[in-house]
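The values are calculated or read from the model by the stated rules, or taken from the named source; none is laboratory data. Predicted model, so just to flag it, every value in this text is computed and none were measured. Every residue, glycine as well, gets a Cβ built from its backbone with ideal geometry; the counts of neighbours run over all protein chains shown. Accessible surface areas use protein heavy atoms only, side chains included; no ligands, DNA or RNA. Shrake-Rupley method; radii C 1.70, N 1.55, O 1.52, S 1.80 Å.
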Amino acid sequence: QALLSAKDYTKPVILTGPSESQKAHICYALCAHSGHKGIYVAFNEMQARKLYEDFAFFLGEQALFFPTKEVMLYDVEAKSNDAIYQRLKVLDRVLRGEYSVIVTSIEAVSHKLIDPAIFKRNTIEITYDSRIDIEKLINTLISIGYERVQTVERRGQFAVRGGIADIFSVDAENAVRIELFDDEIDSIRTFDINTQRSVGKAERVCIIPARDIIYELSKKDEIKKTIEGELKSHKKNHALVNKINSDIEKFKEDSYFPGIDRYIPYIADIPFTLLDYVTDGNTLIFADEPARQKQRTDNLLLEHEETCKSLIEKAQLLPRSTGMFFSYEEIDSKFQTKKLFYLSTINI
C-alpha cells in the first residue's frame, strides 16, 4: 500500500530497517509504482557507485551516475577531467528529462553549480538549417570552456580551418566535423580523432559546456571588478595583492586557467544544486542514511576550510573564495522541497 500511495506523500517519509542490498530495490519499486523519476543520494561516493550498479541493472541507460569532482585550488591542471565531463553529461540529460533515476553522493550534491538557465543557454545545437557565424561560434566555444587547438585530439577541444570546424563535445563518443559554405551548413560528419577520417554522417550536433562552472564573456569585467573590490580591503597584504592581481591578468588573457576554481564563488555568485536542474516537481528524493550524510558533509567542509585557511595564511586566497560547498542543512532544506524519503538501517 505504501508503494502505491507514495506519490501522495507531501511530508518526508522515514523508511527504517532495509539492508544495503534492499535499498535500491525499494527505491526502484517506489519510482516504478508512482510513475515518477528519482534521485538517490548515498552517504558517500563509494556507496553511490555500488548502488548505481544495482540501478543500472534495473534501468540500463535510464540510470545516471552523478560523481563528485576534485576542486583545484592550486595553479595546476586537474589530472583528469573525466569526472567533470560525466557531471556535465548528466546535467544535460537531467535538463532534457532523459533519465529515470539519478544516483549520486552527498559529496557530489554539495558542490555549487551555475544557474541551469545559463547551462541551457550555452548548449549549442546545430542542424542543417542552422546559420553559423564562425567567429561567434569560436567565441562561444571558448566561453563555455573549450580549448582551441590545431588538431582535435580529445574531448573539450575544437579546431577551425577556413570553413571547417572540428568540435569534440565532452559528452560525445566521436568528434564532429562541420563544413560550411559561407554561413550555411554543407555537411556534418563524425570522425575518428586517431585517423582524422569520417566515420559517419549526422543530422544534428549538440555541444554542451566543457566546464560545470562557466560564465558568459560579457560577465568577465563584472567578475574582475568584484574581485578587485574585495581586494581593496586587503591592500596592506602586499603578497595577497600581487597574487590576486596576477590572477586578474590571467582573466584578461584567458577565460579559464589553472586555479580558476578559487573564484567559483564569484562566477556562481547565485549558486544552485543538482536538484535545481530537475524540472519534474514530483521527483522522489531518497536520502541514504541522513546521519552519515551530515557527518560526511561536515567532514568535507572542515577539510576544505582547513585547506583554505592555510592558503589564506600564505596569501594565496581571498576569504570569499572558501564558499564552494553547500552545508548539509542547506542541502537537506533543498531535499525537503521535493517528495522526500529518508532511508536508514536503524532508527534516526
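Kindly indicate whether V101 is in contact with a Cys (Cβ under 8 Å, 6 or more places away or on another chain), under 28 Å from E20 (Cβ atoms) and in contact (Cβ under 8 Å) with a residue 12 or more places away in the chain.
On the way: in contact with a Cys (Cβ under 8 Å, 6 or more places away or on another chain): yes; under 28 Å from E20 (Cβ atoms): yes; in contact (Cβ under 8 Å) with a residue 12 or more places away in the chain: yes.
Yes.
When you scan the stretch 305-331, how many residues do you find that are of a type outside the set (F, W, Y) and open to solvent by 20 Å² or more (accessible area, probe 1.4 Å)? Let's see the steps before the verdict.
First, pick out the residues of the stretch 305-331 that are of a type outside the set (F, W, Y): 305-324, 327, 329-331.
Among the residues that remain, those that are also open to solvent by 20 Å² or more (accessible area, probe 1.4 Å) are: 305-307, 309-310, 312-314, 316, 319-320, 322-323, 327, 329-330.
Looking only at that region, the number is 16.
Suppose we keep only residues that are in contact (Cβ under 8 Å) with a residue 40 or more places away in the chain, more than 13 Å from Y74 (Cα to Cα) and assigned to a loop (DSSP other than H, G, I, E, B) within the stretch 235-265. Which one would you say is most open to solvent (accessible area, probe 1.4 Å)?
Within the stretch 235-265, the match that is most open to solvent (accessible area, probe 1.4 Å) is N237.
Is it the case that the stretch 245-264 has a residue that's of a type in the set (V, I, T) and at pLDDT 95 or above? Lay out the reasoning, then the answer.
Within the stretch 245-264, the first condition is being of a type in the set (V, I, T), and the residues that meet it are 248, 260, 264.
Now narrow it down to the ones that are at pLDDT 95 or above: none.
Scanning the stretch 245-264 turns up no residue that is of a type in the set (V, I, T) and at pLDDT 95 or above.
Could you grab me the full set of residues in the stretch 266-304 that are in a loop (DSSP other than H, G, I, E, B) and open to solvent by less than 70 Å² (accessible area, probe 1.4 Å)? Write out each step before concluding.
To start, the set of residues in the stretch 266-304 that are in a loop (DSSP other than H, G, I, E, B) comprises 268-271, 273, 278-283, 289.
Scanning the stretch 266-304 gives A268, P271, T273, V278, D280, G281, N282, T283, E289.
Within the stretch 294-315, how many residues are touching a helix residue (DSSP H, G or I) at 6+ places or on another chain (Cβ under 6 Å) and under 18 Å from D75 (Cβ atoms)?
Final tally of qualifying residues: 2.
List the number of the failed condition for D54; all other conditions in (1) part of a loop (DSSP other than H, G, I, E, B); (2) of a type in the set (D, E, K, R); (3) more than 22 Å from D92 (Cβ to Cβ) hold.
Among (1) part of a loop (DSSP other than H, G, I, E, B); (2) of a type in the set (D, E, K, R); (3) more than 22 Å from D92 (Cβ to Cβ), D54 violates only (1).
Name the residues in the stretch 118-144 that are open to solvent by less than 50 Å² (accessible area, probe 1.4 Å), β-branched (V, I, T) and in a helix (DSSP H, G or I), would you?
I118, I134, I138, T140
Answer yes or no: is there a residue in the stretch 53-68 that is under 29 Å from L318 (Cα atoms) and open to solvent by 30 Å² or more (accessible area, probe 1.4 Å). Walk me through how you get there before you give the answer.
Going through the stretch 53-68, the residues under 29 Å from L318 (Cα atoms) turn out to be 67-68.
Okay, now just the ones that are also open to solvent by 30 Å² or more (accessible area, probe 1.4 Å), so 68.
So far as the stretch 53-68 goes, yes, one or more of its residues are under 29 Å from L318 (Cα atoms) and open to solvent by 30 Å² or more (accessible area, probe 1.4 Å).
Take the conditions assigned to a helix (DSSP H, G or I), touching a residue at least 40 places away in the same chain (Cβ under 8 Å) and within 19 Å of the chain's Cα centre (by Cα) and apply them to I331. Does it pass?
Details: assigned to a helix (DSSP H, G or I): yes; touching a residue at least 40 places away in the same chain (Cβ under 8 Å): yes; within 19 Å of the chain's Cα centre (by Cα): yes.
Answer is yes for this residue.
Do we find that D8 is at pLDDT below 90, open to solvent by 30 Å² or more (accessible area, probe 1.4 Å) and touching a Pro at 6+ places or on another chain (Cβ under 9 Å) in this structure?
Numbers: at pLDDT below 90: yes; open to solvent by 30 Å² or more (accessible area, probe 1.4 Å): yes; touching a Pro at 6+ places or on another chain (Cβ under 9 Å): no.
Answer is no for this residue.
How many of the residues in the stretch 215-234 are in contact (Cβ under 8 Å) with a residue 40 or more places away in the chain and in contact with a Phe, Trp or Tyr (Cβ under 8 Å, 6 or more places away or on another chain)?
Of the residues in that region, 3 qualify.
Checking the condition under 30 Å from V278 (Cα atoms) and open to solvent by 20 Å² or more (accessible area, probe 1.4 Å), which residue from D192, D115 passes? Lay out the reasoning, then the answer.
On the way: D192 fails: under 30 Å from V278 (Cα atoms).
From the options D192, D115, the qualifying one is D115.
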